[in-house]
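The values are calculated or read from the model by the stated rules, or taken from the named source; none is laboratory data. Only a predicted model underlies this, so the values are computations on that prediction, with no experimental measurement involved. Side chains included, ligands, DNA and RNA excluded: accessible areas come from the protein's heavy atoms. Shrake-Rupley method; radii C 1.70, N 1.55, O 1.52, S 1.80 Å.
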Amino acid sequence: MTSGGIRPGVFKRTVTAWATLALAMFCGMAQANPEPGQLNMTRGVSEWSPEAYFLNNVALGVCVVIGILVFGAMFIAMFRFRKSRGAVAEKWTHNTHLEIVWTTIPVIILIVLAYLATNGLKTFADTTGSQMTVKVTGFQWKWRYDYVDYMGKSIDKVGFMSKLDRESDETRQLGSGMDPNAVKVDGYNTYLLNVDEPLVVPVNTKIRFVITAGDVIHSWWVPALGWKMDAIPGIVNAAWTNIKEPGVYRGQCAELCGQDHGFMPIVVKAVPKAEFEQWLAAKQAAANPPAPPAAPASASTAAAPKTAQVAAPAAAVPQG
């Protein structure tokens, strides 16, 4: 295009302005746990969650820059080089150098993104060195947690179902007349986000999750941990986390699994190791009560009364 050319510096200033605006919005996004109106994913509280946060931000930044360049060039071409302003189209149809550039640059971008993502997934898939194992099983519409081992020692009979808490369950019923905004815990609205019994885990511990399902496909997702994993019947998937900050972290099933899919929340309560060990000991004691003491030997039965034995009289001898 030649007629109606861009004034020197106009395109550069336009791109710079849009990029600055996008960067300002991008950097100002929420960094904490998910909140209403939050634009970006949470940074998370686990050892691995910043990796997913970083990869998301890099990919989003690349998309924003490409979008600004492509749509900026398109709108400039549409409005500055229109026929009503006397623009005359060029006669050329190909430009070899330009085509090499706009083919090479996307390929390089994809290679860089693939390299970053591959390294991130490699660290996420490595569950070796785990100090604790928890089995997660999805059901319609609740979760079951079974504690398998902790610090090299197996855990026996510590497991429970975790389902929607009673207050949320009663509020969601048609005609209940109850206000969802009034369902709160510690000032935080927990409507459809609270359970009757949370999953309790220790902080600063590498925890391996083995995840499966008992009926249909579910997906175990706690945003603060930085990942979600499908729970599939007949298949056991593995993931890990190492939570760095004590707190209560909430999530939900992320796979459409039936009519009550929206009513099977997840609550993870991360506590200091000493507190977790006390909690675990109490659970184990309740699940494995001591055997009752053996009953004392019963008293010997009373001796039966002796029966007098009378000798039979001698038969009379006939006298001869």
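A compact table of results
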{"quantity": "Portion, in percent, of the accessible area of the range 228-270 that falls on carbon or sulfur, probe 1.4 Å", "calculated": "50 percent"}
{"quantity": "The range 49-111 shape via C-alpha gyration tensor axes, a/c threshold 1.5", "calculated": "oblate"}
{"quantity": "Probe 1.4 Å - accessible area at Y115, Å² to nearest ten", "calculated": "140 Å²"}
{"quantity": "Centre separation in Å (Cα based) which lies between the range 232-255 and the range 185-217", "calculated": "7 Å"}
{"quantity": "Of K153/K184; K206/K283; K122/K184, those spanning more than 32 Å from alpha-carbon to alpha-carbon", "calculated": "K153/K184; K122/K184"}
{"quantity": "Exposure of K283 as accessible area (Å², to 10), given a probe of 1.4 Å and all protein chains", "calculated": "60 Å²"}
{"quantity": "Where only C-alpha atoms are counted, convex hull volume of the range 190-302 per residue in Å³", "calculated": "196 Å³"}
{"quantity": "Over the range 95-145: Kirkwood hydrodynamic radius from C-alpha pairwise inverse distances, Å", "calculated": "15.2 Å"}
{"quantity": "M78 accessible area, assembled protein chains, probe 1.4 Å, Å²", "calculated": "100 Å²"}
